[in-house]
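Accompanying notes for the structure given below.
The values are calculated or read from the model by the stated rules, or taken from the named source; none is laboratory data. Worth saying up front: this structure is predicted, and the values here are computed from it rather than measured. Cβ placement follows ideal geometry from the backbone for every residue including glycine, while neighbour counts extend to all protein chains displayed.
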Amino acid sequence: MPIPCKNIVLIGFMGTGKSTVGRLLSTSLAYRFADTDELIVRKAGKKIPAIFEESGEEGFRVIESEVLEDLTKEEGVVIATGGGIVTGEGNIEKLQTLGCVVWLTAKEESIWERVAHNKTRPLLQNDTPRETIQRLLTERLPLYEKAAHLTIGTDGLSASDVSFGILECLRLEKEISLHE
Ligand code: S3P
């Protein structure tokens, strides 16, 4: 059965470039662009650190799953998702129903370099952020693997290289039918 590509969904750990690559991809395909983190901020009326502070990770995940549910009506959208979306119950199935799920991977060192100085990710604002990354990566790898129709390594590549790589993979992959 061909993989449905009515939308393209980017999954992967924090710092793998989902939003930047997603914007480029959406321009190339003339798809719209959506970012679940932005939709969460809009829905909650507050920024992500404030949501975590007031409602905890659990509260954040509830809104994240609602936002994902809202997207199931969409077509022709490139959707960048938050790194933890695969942990929500039933979310992997929802992601796969949305369209072609592309997993952006990166080595732990590259992720660390990309997120170390960024203060906007509440899960990493602790005394041992590098250990947190290692733990979350171990927990989440099987979930990303389960969700992904296509896996793209991003180490040493620019966002436009990654976007071009995805487009080529989608074009060459006989099993994937791109939404016209
Ligand atoms: C999270 C990743 C973030 C954001 C939130 C939680 C996670 O998105 O959704 O801080 O659990 O990995 P990015 O992957 O875009 O950084």
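At a glance:
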{"quantity": "Near pairs, Cβ below 6 angstrom, 6+ apart or cross-chain, from the stretch 32-50 (in contact (Cβ under 8 Å) with a residue 24 or more places away in the chain) to any residue that is among the basic types (Lys, Arg) and more than 12 Å from the ligand (Cβ to nearest atom)", "calculated": "33/23"}
{"quantity": "Any hit, the stretch 24-37, residues being surrounded by fewer than 18 Cβ atoms within 10 Å (Cβ to Cβ), within 17 Å of residue 120 (Cβ to Cβ) and within 14 Å of the ligand (Cβ to nearest atom)", "calculated": "no"}
{"quantity": "Test: residue in the stretch 163-180 that is in contact with a Pro (Cβ under 8 Å, 6 or more places away or on another chain), surrounded by 14 or more Cβ atoms within 10 Å (Cβ to Cβ) and among the hydroxyl-bearing types (Ser, Thr, Tyr)", "calculated": "yes"}
{"quantity": "Helices (runs of 4 or more DSSP H) completely within the stretch 95-180 that count 3 or more residues being under 21 Å from residue 75 (Cα atoms), in contact with a helix residue (DSSP H, G or I) (Cβ under 8 Å, 6 or more places away or on another chain) and more than 15 Å from the ligand (Cβ to nearest atom)", "calculated": "159-172"}
{"quantity": "Test: residue in the stretch 42-49 that is under 20 Å from residue 148 (Cα atoms) and out of contact with any Leu (no Cβ under 8 Å at 6 or more places or on another chain)", "calculated": "no"}
{"quantity": "Members of the stretch 64-91 found to be within 13 Å of the ligand (Cβ to nearest atom) and either polar (S, T, N, Q) or not in a helix (DSSP H, G or I) (or both), listed by number", "calculated": "65, 79, 80, 81, 82, 83, 84, 87, 88, 91"}
{"quantity": "Sole exception among (1) assigned to a helix (DSSP H, G or I); (2) touching a strand residue (DSSP E or B) at 6+ places or on another chain (Cβ under 9 Å); (3) within 11 Å of the ligand (Cβ to nearest atom) for residue 61, by number", "calculated": "(2)"}
{"quantity": "Selection from the stretch 75-85 of residues that are in contact with a strand residue (DSSP E or B) (Cβ under 6 Å, 6 or more places away or on another chain) and surrounded by 22 or more Cβ atoms within 10 Å (Cβ to Cβ)", "calculated": "78, 79, 80, 81"}
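Per-residue answers, yes or no, for (1) under 16 Å from residue 81 (Cα atoms); (2) at pLDDT below 95:
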site: 102; (1), (2): yes, no
site: 110; (1), (2): no, no
site: 119; (1), (2): no, yes
site: 134; (1), (2): no, no
site: 142; (1), (2): no, no
site: 148; (1), (2): yes, no
